[in-house]
């Protein structure tokens, strides 16, 4: 039995037939005749010295040898397809596919995209708003913006600005509730999207840091940060705003922060891409633009007292 690999065309024919369990469907996928596909598989069996399929009346099924080959063949062609797409992407200096969570997309990226488009008309931006952890190679994603306390070591990771939370509200509500004590009677909004952080940085932690009595526990709760912020913008109540998601509204006056004491979340958004890809033209300009945009509102952070979250 020869250890030499068989022709790739024969392996492709086998892989398609094993996936479809049909020579006719495999032939249609590969745009060849069933007879040509059958010939390729027969030549593969001769090369192996064993049958790969049992030919039944109106169907086929894999033999033990066919089963052993099918998984590796499928994985091999998937790896080849991924590598080919990666090679193609190195030739594309215009398209940039970015994934970020829905809240960051809505509150940080979307309001600033006009500026990026004006500054870099040569870059075609594509967005995937998702919290799903994507495989940047397999999913054809160039950049991921993710929030957390650590980043995957296999990726290039650039931590962005320090993330904090503090009470934010409309100017009208700020006039009604001018002191920390008065917040106990205010309509409170709960953003549950960061309950995964340890230690937790919610209302109880903020009131404790301020030396105030225990916080209110009743109020509308949102699982998405952008929805909680939208409710605050509508005047529904006061929310603990996260830096990246409220800083533009604070800078432009739609929201105000009467109490300049914030809690550090202990987590950050990070700019992620495949190692070695960080200096590709469209990735580099997007990264530099993000850093420039962060600096535009850095004065808000500089004017705060930022405390660590109380530990239990």
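The values are calculated or read from the model by the stated rules, or taken from the named source; none is laboratory data. Note that this is a predicted model, so its numbers are computed, not measured. Positions of Cβ are generated from backbone atoms using ideal geometry, with glycine treated the same way; all protein chains shown enter the neighbour counts.
Considering segment 196-216, the residues that are closer than 18 Å to residue 181 by Cβ and free of Cβ contacts under 8 Å to residues at least 12 places away in the same chain include one that is surrounded by the fewest Cβ atoms within 10 Å (Cβ to Cβ), namely 211.
Determine, yes or no, whether residue 96 is part of a strand (DSSP E or B) and in contact with a helix residue (DSSP H, G or I) (Cβ under 6 Å, 6 or more places away or on another chain). So residue 96 fits the description; yes.
Based on what the data block shows, is residue 205 assigned to a helix (DSSP H, G or I) and modelled with pLDDT of 95 or more? So residue 205 fails the test.
Across segment 85-108, the number of residues qualifying as surrounded by fewer than 19 Cβ atoms within 10 Å (Cβ to Cβ) and farther than 19 Å from residue 138 by Cα comes to 2.
All of (1) under 30 Å from the mean Cα position of the chain (by Cα); (2) surrounded by 15 or more Cβ atoms within 10 Å (Cβ to Cβ) hold for residue 45 with one exception: (1). In segment 115-140, the residue that is farthest from the chain's Cα centre (by Cα) out of those that are at pLDDT 90 or above, assigned to a loop (DSSP other than H, G, I, E, B) and surrounded by 15 or more Cβ atoms within 10 Å (Cβ to Cβ) is 120. For segment 49-70, residues that are part of a helix (DSSP H, G or I) and either under 17 Å from residue 10 (Cβ atoms) or touching a strand residue (DSSP E or B) at 6+ places or on another chain (Cβ under 6 Å) (or both) total 5. Highlighted here are the helices (runs of 4 or more DSSP H) found entirely within segment 1-48 that include at least 1 residues which are touching a residue at least 24 places away in the same chain (Cβ under 8 Å) and more than 15 Å from residue 74 (Cα to Cα): 23-30, 34-48. Residue-level check: of (1) touching a residue at least 12 places away in the same chain (Cβ under 8 Å); (2) out of contact with any helix residue (DSSP H, G or I) (no Cβ under 9 Å at 6 or more places or on another chain), residue 84 misses just (1). When segment 166-182 is filtered for residues that are outside any helix (DSSP H, G or I), exposed (fewer than 13 other Cβ atoms within 10 Å of the Cβ) and touching a residue at least 12 places away in the same chain (Cβ under 8 Å), only 178 remains.
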